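For reference, the structure discussed in these notes is given below.
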Amino acid sequence: MSVLIRGGTVANADRSFRADVLCEDGKITAIGENLEAPAGAEIVDAGGCYVMPGGIDPHTHMELPFMGTVASEDFFSGTTAAACGGTTMIIDFVIPDPQENLIEAYKKWRGWSEKAATDYSFHVAITWWDDTVHRDMGILTREHGVNSFKHFMAYKNAIMAEDETLVNSFNRARDLGAICTVHAENGELVFHLQQEILNRGITGPEGHPLSRPPEVEGEAANRAIRIAQVLDVPVYIVHNSCKEALEAITRARLEGQRVFGEVLAGHLLIDDEVYRNPDWEFAAAHVMSPPFRPKEHQEALWRGLQSGNLQTTATDHCCFCAPQKAMGKDNFTQIPNGTGGVEDRMGVLWHHGVNTGRLTVNEFVAVTSANAARIFNIYPQKGSVSVGADADVVVWDPELSRTISKDTHHQNVDFNIFEGMTVKGANTVTLSQGEIVYKEGDVRTVKGKGRYIDRPCFAPYYDALSIRREREAPRPVARSEAAE
Ligand code: URQ
Ligand code: ZN
Ligand code: ZN
């Protein structure tokens, strides 16, 4: 199977240039002017369009069992919706229950994800600790291509990792050459505030943001960053929603600490007014954590992307339909947390990022694809239009407008947080592994075609702490010097 993409402008994170792109047997095999089409090749006219690396969404939860139900999007429908919007790879999460064996949980999720239409990988959450978790983290890195471990500092009495677990897991991750990722909200404070708010008789979705103010996120982000600093391990804060978390990341990065930050398309564009909407279903549909914030946080987050203090964009695609959200009809703390967006991320970021001048085309590629590939160590296999890379490619028409709606999206959920938003700039063609999976409205995904992508660990084993102790230990005074 070969596809020749003709007449476009290749846009990578580092530069843009006019070239044709030839995809053969799943790989990009040639990039250059006036390429010859092999016999039988499908020709894609990319005139006036950009040819970019397929989007990578580093934060999704397809068919996640959570809060007494299961997310409505599965790995086939979710990767199909992603491809329809220009995203060709997701990094999802294995989330073991406390006391659940990590390897068994990993194999369970691998079973669910076999139906994926495009490529995928998994962060593995550390939700409890004992010697078997220490052992299994090593097995996951050495034998299953896992190089990132997730930690939920929220969700007390469920999957919350206490500080002891954070310290043990961060320490282990460093020795394995893995990166730690964190959902940064202080779960104890959230739990306390939830009880307080319920006791005041507030049971509706408007109580959700009241129970998780920005300070609760800022404290946890800073705590995770400080723990990572002491243990000398890289840390990646997921779904930063507020200035307080961004400030913690910015301070640490300015001090040279290896800290990365992710922002969701939703948090860049939607504010907390949604929770005060009189329509209960509308407000509940927006219940996710961290919550959507007051407007001033959005401009700060955009500046975080522009300044490079936030490196990736994601969606945290975790869908629950109205009947599921209604589980919290009488108590907002029981509304399943999560919203969608995997199909819309690229379009809304182009429209509100590139069309407004906040981001260049190359910066758009960086924050929607290349940076996630670099941070999670799959670049340039992913995140780059270059010879030898996987042929996950998007033909992007900057003049193509579309209006987002639950009535037309491919996501398996009855709500769209970007409902009615018209965006200018969209993918006309999406290729995954060198095959066209979406073309001008024609969906060509195949269930099970997606592959699990191994992500190798980073620096070879080393004990960073002992190296640092060596560096900082007082230098033994040579005997001759002592005599002076
Ligand atoms: O916390 C997460 O990232 C998962 C459980 C999705 N739900 C959410 O509200 N963000
Ligand atoms: Zn989270
Ligand atoms: Zn999440």
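So here's what we get for this one:
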item	result
Efficiency of FRET from Cβ geometry, Asp330 and Asp131, R₀ 25 Å, rounded to 0.05	0.05
Residue-span extension gain [Ala473 to Glu104] - 0.36 nm each, minus C-alpha spacing	128.5 nm
Relative compactness, segment 6-149, computed as alpha-carbon Rg over 2.2 N^0.38 Å	1.35
Globularity ratio of the chain, using Cα Rg and 2.2 N^0.38 Å	0.99
Heavy-atom accessible surface of segment 52-442: percent carbon and sulfur, 1.4 Å	50 percent
Heavy-atom surface of segment 1-70, accessible at 1.4 Å and reported per residue (Å²)	40 Å²
Pair Glu419, Asp163: separation of 7 Å Cα→Cβ label points (nm)	4.3 nm
Integer Hz, Karplus 6.51/-1.76/1.60 couplings in order for segment 172-188, x for Gly and Pro	5, 4, 4, 5, 8, x, 10, 10, 9, 10, 9, 8, 9, 9, 6, x, 5
Computed Kirkwood radius, in angstrom, where 1/r is averaged over Cα pairs of segment 262-376	15.0 Å
Distance (nanometres) between label positions extended 7 Å along Cα→Cβ at Arg303 and Asp271	1.6 nm
Compactness of segment 1-81 as Cα Rg over 2.2 N^0.38 Å, two decimals	1.51
Pair Lys439, Lys295: separation of 7 Å Cα→Cβ label points (nm)	4.4 nm
Theoretical gain in end-to-end length, Thr356 to Trp112 [0.36 nm per residue, Cα-Cα removed]	83.9 nm
For segment 48-121, the Rg and Dmax computed from alpha carbons only, in angstrom	13.9, 54
Peptide ranges 442-448, 181-187 listed from the most packed, as the mean C-beta count within 10 angstrom indicates	181-187, 442-448
Most to least packed among 425-438, 190-203, 391-404, 128-141 [average Cβ atoms within 10 Å]	425-438, 391-404, 128-141, 190-203
Relative packing of 13-26, 89-102, 45-58, which averages over residues the other C-beta atoms within 10 Å, highest first	45-58, 89-102, 13-26
Segment 52-442 - percent relative contact order, Cα under 8 Å, separation 6 or more	20 percent
Per principal axis, descending, Cα span of segment 214-309 in whole Å	47, 24, 17
q = 0.10 Å⁻¹, segment 319-473: log10 I(q)/I(0) [Debye, one scatterer per Cα]	-0.54
Extension gain from Arg18 to Glu255, taking 0.36 nm per residue of separation minus the Cα-Cα distance	81.4 nm
Using alpha carbons only: equivalent-ellipsoid semi-axes of segment 305-359, gyration tensor based, whole Å	32, 12, 9
Accessible area per residue, Å², segment 175-295 with all protein chains present, probe 1.4 Å	35 Å²
Net dipole in debye of the chain [+1 Lys, Arg Cβ; -1 Asp, Glu Cβ; about Cα centre; nearest 20]	620 debye
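The values are calculated or read from the model by the stated rules, or taken from the named source; none is laboratory data. Keep in mind that this is a model prediction, so the values were computed, not measured. So basically every Cβ, Gly included, is an ideal-geometry build from the backbone, and we count neighbours across all protein chains shown. Heavy atoms of the whole protein, side chains included, go into the accessibility calculation; ligands, DNA and RNA do not. Shrake-Rupley method; radii C 1.70, N 1.55, O 1.52, S 1.80 Å.
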